[in-house]
Amino acid sequence: MVPFAGYAMPLSYGSVGQVASHNHVRTSAGLFDVGHMVQSNFRGVTAAAFLEWLTPSSLKSLSPYSSALSVILNENGGIIDDTVITKHSDDAFYVVTNAGRRDRDLAWFRQKLEEWNSGEQAKDGKVEHEVLEDWGLVALQGPQAAEYLQKSTSFDLAKLTFGKSAYVTIGGFTLHVARGGYTGEDGFEISIPPSQTVDVVQLLSQSPVQLAGLGARDSLRLEAGMCLYGNDLDEDTSPVEAGLSWVIGKDRKESGNFIGADSLRKHLKDGPPRRRVGLVVEGAPARQGAQIFAPSGKDMIGKVTSGIPSPTLNKNIAMGYVLSGWHKKGTEVEVDVRNKLRKAVVTPMPFIKPNYWRG
Amino acid sequence: MFSAIRSAARVRALPPLGIAKTSFISFRLAPGYRTLVTTRYTQEHEAVAFDDATGVGTVSITDHAQESLGDVVFVELPAIGSRVGKGDQIGAVESVKAASDIYAPVSGEVLEVNERLNDEPGLLNRSPQNDGWLCKIKLANPSEMEALLTAEGYKEVCDS
């Protein structure tokens, strides 16, 4: 068990090592307890407009029961948090944010809601925010996740494609199920009312499903090229630098009115000063904080923000930020690990081929 | 049998190691003579098995260390022939989770490294203090062994 965002969380379960657990999710199915994450509902006639003020996403045009990866930006266009927003209707959104950003996010929501609800924008109706305290959230992930879950429901999961969600009756419980996850595999994120969490987890953790911990979660997401807030994203990083420009709605790039828009447009127009890249490092794995140098080792051009020896690829993979110009795939750089420079190559992410269900 | 071992120990001219009776002592048969191997530990979870006949210490990580690291996937070893000072960083053991530096528990010259670990880093988990040894150091000053922890002392470190 390790401390994580105010919770004591398991790196792994029982005698299953991190690598075995990782491989099990890549080849079969694993269940992650992500109940520490913050689940919220935003409701009200102007909820879509409110969330479009907090994020650069196109939420009005998003179809109901669809999810979007998004970013909550500060006034400078820096990322306060990354989040998944699921639209249920124009006036109801379900939002999952990071546990490690709970205090910052909730204070931000409170402050911005007050501004919104007391202003002209809310004349058609106020927005209410509800945190789903003590609700369970589990992620069933892996190529066998769908087949396993299908056994407990008459809902045709083949129709629930990547990025869609639905209320699904599983073993008698009606639960919010979103297809997706944080591993690069097919899977489901299932939200569970507090009184049902234990029963649902028992139902979802039978063979071949194995419980999987934070260790495997980190190595799986890194292979999938996904960011971990606090490592790869922070308030001094814009989504353009982070390679997340794709979360900005097409109709919002030019004219969208959202917090941080001016700085974001500057990065979009002039190009960002640095960019998030994937790296494959020779020799030793580069970890968070390792410095990236131009070949010859003289000029520091960036820093590694996450790095591991990849269990799937048997290569040392990392992500980090480099000065613009050094970000193109195939660029050779050097990374300092234990005072020795190791060769590294800028490599497109994801490092593994994702395996999402797109129908 | 135990008295036989004790008397065997007494007949050898022991270097002034100050081996407490409670230290972990084992005998290995080498061609023609017996040698005394003493294993001591560091706070950083390295172990060194010192052979007083050869003056060579075999450095490894402890079982406790391999357990907390999890599956070891990469081991970086020092260069053969390098001279290391006690406390110098001489390599690293990496699991997917984390990198853990290895510090020289004693000063001396690196005579040999366990090349098997390049292809089989998992040896460190399966057999940390035997097949998974890291390197052999010819001790510059065998009395450095005295400053290291005994098995009991190390156990206290792990339990605290």
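The values are calculated or read from the model by the stated rules, or taken from the named source; none is laboratory data. Note that the structure is predicted; figures quoted are calculated from it, not measured. For neighbour counting, all protein chains shown are included, and Cβ atoms are generated from backbone atoms with ideal geometry for every residue, glycine included.
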Does A:SER238 satisfy the condition of being in contact with a His (Cβ under 8 Å, 6 or more places away or on another chain) and either away from chain B (no Cβ under 14 Å) or without any contact (Cβ under 8 Å) to a residue 24 or more places away in the chain (or both)? yes
Taking B:PHE2, is it under 20 Å from B:ALA151 (Cβ atoms) and at pLDDT 95 or above? no
Test of understanding: among A:SER15, A:SER21, which residue is without any contact (Cβ under 8 Å) to a residue 24 or more places away in the chain and within 14 Å of chain B (Cβ to nearest Cβ)? A:SER15
Quickly run through the stretch A:240-251 and pick out the residues that are part of a helix (DSSP H, G or I) and modelled with pLDDT of 95 or more. A:SER245, A:TRP246, A:VAL247
Output the qualifying pairs, or none if there are none: Cβ atoms under 9 angstrom, residues six or more apart or on different chains, first residue in the stretch A:298-316 and away from chain B (no Cβ under 14 Å) and touching a residue at least 40 places away in the same chain (Cβ under 8 Å), second residue part of a strand (DSSP E or B) and surrounded by 21 or more Cβ atoms within 10 Å (Cβ to Cβ). A:THR305/A:LEU233; A:THR305/A:ARG276; A:THR305/A:ALA318; A:THR305/A:MET319; A:THR305/A:GLY320; A:THR305/A:TYR321
Residues of the stretch A:28-40 being more than 17 Å from A:ALA5 (Cα to Cα), within 18 Å of the chain's Cα centre (by Cα) and polar (S, T, N, Q), in sequence order, are A:SER40
Can you confirm whether A:SER67 is more than 14 Å from every other protein chain (Cβ to nearest Cβ), in a strand (DSSP E or B) and touching a residue at least 24 places away in the same chain (Cβ under 8 Å)? yes
Just name the residue that is farthest from the other protein chains (Cβ to nearest Cβ) out of those in the stretch B:83-117 that are part of a loop (DSSP other than H, G, I, E, B) and small (Gly, Ala, Ser). B:SER107
Filtering the stretch A:276-293 down to residues that are without any contact (Cβ under 8 Å) to a residue 60 or more places away in the chain and in a loop (DSSP other than H, G, I, E, B), which residue is farthest from A:ASP236 (Cα to Cα)? A:ALA284
Report every pair of residues separated by at least 6 positions or lying on different chains whose Cβ atoms are under 6 Å apart, first residue within the stretch A:33-54 and of a type in the set (Asp, Glu), second assigned to a strand (DSSP E or B). A:ASP33/A:VAL138
For the stretch A:343-359, which positions are closer than 21 Å to A:ARG274 by Cα and not in a loop (DSSP other than H, G, I, E, B)? A:LYS343, A:ALA344, A:VAL345, A:VAL346, A:THR347
Just checking, does the stretch B:70-88 include any residue being touching a Lys or Arg at 6+ places or on another chain (Cβ under 8 Å) and at pLDDT 55 or above? yes
Set B:VAL59, B:VAL75, B:VAL48: member being within 14 Å of chain A (Cβ to nearest Cβ), among the β-branched types (Val, Ile, Thr) and buried (at least 18 other Cβ atoms within 10 Å of the Cβ): B:VAL75
Counting residues that are assigned by TED's automatic domain parsing to the domain that holds A:SER21 and over 23 Å from A:LEU228 (Cα atoms), which strands (runs of 3 or more DSSP E) fully inside the stretch A:133-210 reach at least 3? A:165-170, A:173-179
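Okay, residues lined up against (1) surrounded by 18 or more Cβ atoms within 10 Å (Cβ to Cβ); (2) over 22 Å from the mean Cα position of the chain (by Cα); (3) at pLDDT below 95; (4) charged (D, E, K, R):
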site: A:GLU133; (1), (2), (3), (4): no, no, no, yes
site: A:ALA139; (1), (2), (3), (4): yes, no, no, no
site: A:PRO143; (1), (2), (3), (4): no, no, no, no
site: A:ALA146; (1), (2), (3), (4): yes, no, no, no
site: A:THR169; (1), (2), (3), (4): no, yes, no, no
site: A:GLU189; (1), (2), (3), (4): yes, no, no, yes
site: A:ILE192; (1), (2), (3), (4): yes, no, no, no
Among (1) within 14 Å of chain A (Cβ to nearest Cβ); (2) charged (D, E, K, R); (3) assigned to a strand (DSSP E or B), which single condition is B:LYS138 missing? (1)
Sole miss for B:ASN114 among (1) under 28 Å from A:THR312 (Cβ atoms); (2) surrounded by fewer than 19 Cβ atoms within 10 Å (Cβ to Cβ) is condition (2)
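This table checks each residue for (1) away from every other protein chain (no Cβ under 14 Å); (2) crowded, with 22+ Cβ neighbours inside 10 Å; (3) more than 29 Å from B:ASP101 (Cβ to Cβ); (4) basic (Lys, Arg).
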| position | (1), (2), (3), (4) |
| --- | --- |
| A:VAL281 | no, yes, no, no |
| A:ALA284 | no, yes, no, no |
| A:MET319 | yes, yes, no, no |
| A:ASN339 | no, no, no, no |
| A:VAL346 | yes, no, no, no |
The residue from A:GLY307, A:GLY325, A:GLY297 that alone is of a type in the set (Gly, Ala, Ser), in contact with a Pro (Cβ under 6 Å, 6 or more places away or on another chain) and more than 20 Å from A:GLY78 (Cα to Cα) is A:GLY307
